[in-house]
Every structure is written in C-alpha cells, then in structure tokens.
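S.K.: Questions regarding the structure given below will be posed in turn.
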Amino acid sequence: MNEFRYVVGVTGEVQQGLIFWARKAKQYTDSYYRGDEENAKGTKFYQSILKSRQIVDSLLEKDDGFRSVIDDQGLLASVCIIQETSILIDEQLTDCVEIESLTNSPWNTIDYPLAEKRKGAATSLIESIIIESQERELSNIFKLMTIPAAKRFYQKIGFNETNGSGEMILDSIAASMLLLDLEQKRNSAAFD
C-alpha cells in the first residue's frame with residue numbers, strides 16, 4: 001500500500017502543490033488533449049481540473065476545513081474541504097461531517113501511465129478524516145455529493161446513496177469497517 005501524510009489546513013506546501021497541479025494539468029492538456037480542456041470532457045481528469053479550480057477559489061474562506069494528503073514523493077496527492085453539518089436520518093436531524101470537492105491530483109486521474117501516479121490517495125484522505133473526526137469527537141457519520149463516475153469508488157469503501165441525487169452517506173459502522181479493512185491490508189502487506 002502506498003503511504004500518505006495527512007495535512008490539515010492550507011500550508012505553504014499545499015499551496016505549492018496546488019500551483020504544481022495547475023502546471024501539470026496544463027501540460028497534460030497540451031500533451032494528451034491537443035491543448036483544449038474541452039477535449040477531456042467526460043474524464044476523471046477533466047473533473048479533477050474543475051474541482052481543483054473550485055478548491056483554489058475557496059481557499060481563503062474555507063482554510064480551516066481544508067484537508068489533503070501528500071504522497072511518498074512529497075507531492076500533493078488528494079484534497080478536499082470538510083465542514084460540520086446536519087442531515088435528516090429517519091426524520092431526525094443528525095450531525096455529520098460533510099466532505100466537499102474531493103479530488104485527486106491530475107496525474108492520479110489521467111488515463112495515461114505516469115511515474116507520479118500513486119493509488120489510494122482519496123481512500124487515505126477519507127481514512128484520515130474519519131480518524132480526525134473520532135479524535136476530535138465529531139460525528140461518526142460522513143456525507144458527500146458525488147458525480148456518477150465516482151459513485152462506484154465511494155460505494156466500494158462503504159458509502160451508500162441516499163436518494164438518487166448523488167448524496168452519499170458513510171455511517172459509523174461502515175466508517176469503522178473501512179478503518180479495520182485498511183489496517184488489515186497494511187498488516188498483511190507488512191508480511192508479504
């Protein structure tokens with residue numbers, strides 16, 4: 001399993017990482033999509049570009065909710081914004097942690113082999129958010145909105161779609177199961 005370091009807030013390292021993302025996105029657009037982002041429409045790479053821009057636009061106002069992971073090469077690998085909110089579960093208002101605009105680095109979303117690619121960045125980011133939430137005694141329920149192309153990824157790690165709108169919930173049992181599963185994978189990899 002690849003290892004990632006969790007970062008809370010917008011540090012200088014994260015700012016530099018986002019600048020590097022913009023440069024790499026431009027480079028990949030030029031190399032693989034004839035210099036036009038529109039040619040990448042419908043791909044994970046295109047969605048990553050759009051979400052990266054949303055995140056950069058939100059940096060100043062949502063600094064305290066910014067979360068990211070850095071890979072073993074020292075590269076920013078995945079980012080999102082979190083906030084505490086409430087949702088209706090069984091007609092009862094329940095506190096939860098909302099995960100917004102989660103995206104991976106451009107090289108982790110493009111369909112071409114690249115030396116920078118590292119699997120597991122988004123999963124590691126979600127894992128770290130769960131652990132942080134437990135340590136800070138926040139909610140053990142997590143909510144996000146997803147696009148159809150990412151739905152399968154979130155389902156695989158335990159999120160369930162609530163109403164067909166793209167809203168997905170990871171309840172406390174599924175969150176605990178995800179943490180246990182990832183720990184078991186780490187332990188079995190150590191013995192390989």
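S.K.: Output the pairs from Lys24/Lys51; Lys24/Lys62; Lys26/Lys143; Lys119/Lys151; Lys24/Lys185; Lys24/Lys143 with a Cα-Cα distance over 20 Å in this structure; if there are none, say none.
M.R.: Flagged as over cut-off: Lys24/Lys62; Lys26/Lys143; Lys24/Lys185; Lys24/Lys143.
S.K.: For Arg23, what accessible surface area do you get with a 1.4 Å probe? Give it in Å², rounded to 10.
M.R.: Rounded to the nearest 10, that gives 150 Å².
S.K.: Counting only the heavy atoms of the protein chains, how much of Leu76 is accessible to a 1.4 Å probe, in Å² to the nearest 10?
M.R.: Counting only protein heavy atoms, the figure is 0 Å².
S.K.: Assign one of three labels to the range 1-47, namely rounded, prolate or oblate, based on the Cα gyration tensor with a ≥ b ≥ c the square roots of its eigenvalues; rounded applies when a/c is under 1.5, prolate when it is not and a/b is larger than b/c, and oblate otherwise.
M.R.: prolate
S.K.: Suppose the chain between Leu179 and Gln15 were pulled fully straight at 0.36 nm per residue; how much longer would it get relative to their current alpha carbon spacing?
M.R.: 56.2 nm
S.K.: Taking springs between alpha-carbon atoms closer than 10 angstrom, which of Val69, Val56, Val97 fluctuates most in the Gaussian network model of the chain?
M.R.: Checking each option, the largest mean-square fluctuation is seen for Val56.
S.K.: Continuing with the same structure: How big, in percent, is the set of alpha carbon pairs in the range 1-148 lying more than 26 Å apart?
M.R.: Value for the range 1-148 (Cα pairs over 26 Å): 26 percent.
S.K.: If you don't mind, there's one more thing I want to ask. Which value, in debye to the nearest 20, gives the size of the charge dipole of the range 81-142 about its Cα centre, when Lys and Arg are +1 and Asp and Glu are -1 at the Cβ?
M.R.: 500
S.K.: Let me ask something additional. Using +1 at the Cβ of each Lys and Arg and -1 at the Cβ of each Asp and Glu in the chain, identify which of Gln134, Leu170, Ser101 lies farthest towards the dipole's positive end.
M.R.: Checked the options; the winner is Ser101.
S.K.: Further question: If you wrap a convex hull around the C-alpha atoms of the range 61-192 and split its volume per residue, what is the figure in Å³?
M.R.: In the range 61-192, the Cα hull volume divided by residue count equals 134 Å³.
S.K.: Now, a different point. Where a ≥ b ≥ c are the square roots of the eigenvalues of the C-alpha gyration tensor, would you call the range 118-192 rounded, which needs a/c under 1.5, or, failing that, prolate if a/b is larger than b/c, or oblate?
M.R.: Oblate.
S.K.: Right, here's the next one. Order Asp64, Asp171 by their accessible area, 1.4 angstrom probe, all chains in place, largest first. Present the calculation step by step, with values, prior to reporting the outcome.
M.R.: Working: Asp64 120, Asp171 65 Å².
From most accessible down to least: Asp64, Asp171.
S.K.: Continuing with this model, one more query. Compute, for the range 110-175, the length of the dipole vector about the Cα centre, with Cβ point charges of +1 (Lys, Arg) and -1 (Asp, Glu) only. Units Debye, rounded to 20.
M.R.: 280
S.K.: For the chain, with only Lys/Arg (+1) and Asp/Glu (-1) charged at the beta-carbon, what is the dipole magnitude about the Cα centre, in debye rounded to 20? Could you put the intermediate results ahead of the total?
M.R.: Values: 21 positive and 30 negative charges, 185 e Å.
For the chain, the charge dipole is close to 880 debye.
S.K.: Leaving ligands, DNA and RNA out of it, rank Leu114, Leu93 by accessible area with a 1.4 Å probe, largest first.
M.R.: My answer, sorted largest first, is Leu93, Leu114.
S.K.: Cα axis of helix 12-32 to longest principal axis of the chain: angle in degrees, 0 to 90, nearest 10?
M.R.: Tilt of helix 12-32: around 50 degrees.
S.K.: Between Arg53 and Ile89, what is the label-point separation in nm under the 7 Å Cα-to-beta-carbon projection?
M.R.: 3.6
S.K.: Now a separate question. Taking only protein heavy atoms into account and a 1.4 Å probe, give the accessible area per residue of the range 32-91 in Å².
M.R.: With all protein chains present, the range 32-91 gives 56 Å² per residue.
S.K.: Using alpha carbons only, how many angstrom separate the centre of the range 89-123 from the centre of the range 165-184?
M.R.: Centre-to-centre (Cα) distance: 13 Å.
S.K.: From Cα pairs below 8 angstrom and at least 6 apart in sequence, can you work out the relative contact order of the chain, rounded to a whole percent?
M.R.: Working: 270 pairs, mean separation 36.8, N = 192.
Value for the chain: 19 percent.
S.K.: Lys/Arg Cβ at +1, Asp/Glu Cβ at -1, dipole of the chain taken about the Cα centre: which of Ile49, Val8, Tyr28 is farthest positive-ward?
M.R.: Tyr28
The values are calculated or read from the model by the stated rules, or taken from the named source; none is laboratory data. The structure presented is a predicted model; accordingly, all values stated were derived computationally and were not measured. A quick note on method: Cβ atoms are made from the backbone with ideal geometry, for glycine too, and the neighbour counts reach across all protein chains shown. Heads up: the accessible areas ignore ligands, DNA and RNA and are worked out on the full protein's heavy atoms, side chains in. Shrake-Rupley method; radii C 1.70, N 1.55, O 1.52, S 1.80 Å.
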